[in-house]
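Just so it is clear, none of the values below were taken in a lab; they were calculated from the coordinates. Just so you know, these numbers come straight off a predicted model, no measurement behind them. Positions of Cβ are generated from backbone atoms using ideal geometry, with glycine treated the same way; all protein chains shown enter the neighbour counts.
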Amino acid sequence: MTHPYAPHPQHNPGPNPTPSPWVARTPKPRSGGLVFGIIGLVVGGVVGLLVLAYLIAGLGVPTFAVGTLLALLPLTVVLLAIRWVDRWEPEPRWALWFALIWGAAVSVAIALIVDLGVQLAAAYSMPGGTPDLWAQTVVQAPLVEETAKGLGVLLVFLFSRTHFDGPVDGLVYGATVAAGFAFTENILYFGGALAEGGAEQLGATFVVRAIFSPFAHVLFTACTGLALGIAARRGGGAAVIGWFLLGLACAVALHALWNGSLGFGADAIGLYVTVQVPLFAGAIVATVLLRRREVAITRARLAEYAAAGWFAPAEVDMLASPAGRRAAIRWAEQRRPARTATMRRLISDATHLAFDRQAVLTGRGDVRRVHDEGALLTRITADRAALMSG
């Protein structure tokens, strides 16, 4: 099959485009999220240094180093999975870094502060006593940790709405926050196991947390992210809080079920097979379906631009299918000189164009999206020309 940008005498994608197919509306302006992201990264970095000092003071440098190295293994697996989910319409890196740092530092700090408060309250009300283990494991930990993580996802939603289009975005941000939290928590668990029981206990802890359940926190917090994604798809408004609380309730319930089953006599392997595997399988199915929905949206919206003359039909086929994108990248790599970066930028801009139009058509657009359309179309035209030259 001839590539859309292969030299051809009759090839002329988008020769006489008509004016933009955007629907007419007068949306309200919204502040951008980049400033929020920078402030969040700075604050998160400061909190991260405090958490780092706490971990080193509690575990010691050698134990902390071993725990960190081992915690990087499941973190890498989870982040690669998140990257696969986020490939179709990638989120901005600053937002992903904010989510990761929020989970690894701020969420952990909130959980530690609350736990310290509970410990002090128990000691004050009952000198010499300690909080009930069941209440800590099944009530306190799920409620506090999921609330702390969920707040990070909610902040991204509130301050970066132009990058929060639907359930897949919510899943990505929720999973990234959870990955950061699990990373720091794993350092504590791995370091504590090494200090208390040596290599044998460390190995058992690593198997349970890094091999059997590396996606546990991701599955919990994904509930909150998906709920906020549904709220974004429905246009936001006052219902956002209701969706957030619904997602948070599901996250807390799953977390409590997991902690209660694993912590009080359940067989770890049996729990993995009967609870974790079905949840994980369901999450994979849901993610695949959501990804297909994104593909369908991209094709439908770009087809409207094609009808207005901005794209050729072959370009829509190329830009709106995974196979077409892979073929396009291979074609660009084979050019001399290679034009892979240009092709990737064209694919990214076309996807953002499609999702921005989807947002406007469903009543979720703002002035920023409308202004971005012209810039996106200009860059797409320039990249198309660069790909066709030579």
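Relative contact order of the chain, taken over Cα pairs closer than 8 Å and 6 or more residues apart, is 24 percent.
With R₀ fixed at 45 Å, the C-beta to C-beta distance from GLU304 to ALA65 puts the FRET efficiency at about 0.25. Could you work out which residue, out of ILE113, ILE380, ILE329, moves most in a Gaussian network model of the chain, that is, has the largest mean-square fluctuation with Cα springs under 10 Å? Checking each option, the largest mean-square fluctuation is seen for ILE113.
With the highest mean first, a sort of the peptides 292-300, 53-61 on other beta-carbon atoms found within 10 angstrom per residue produces 292-300, 53-61.
Rg over Rh for the chain works out to 1.04, both radii taken from alpha-carbon positions and Rh defined as the Kirkwood radius. Largest GNM mean-square fluctuation among LEU96, LEU254, LEU361, using the chain with Cα springs under 10 Å: LEU361.
If I take R0 = 25 Å and measure r between the Cβ atoms of ALA121 and VAL46 in this structure, what FRET efficiency does the formula 1/(1 + (r/R0)^6) give, to the nearest 0.05? After rounding to 0.05, the efficiency reads 0.35. Go ahead and run the numbers for FRET between ALA327 and ILE211, Cβ-Cβ distance against an R0 of 45 Å, rounding to 0.05. Computed FRET efficiency for ALA327 and ILE211 comes out at 0.80. Structural size metrics of segment 297-388, computed from C-alpha coordinates, are Rg and Dmax of 13.2, 44 Å.
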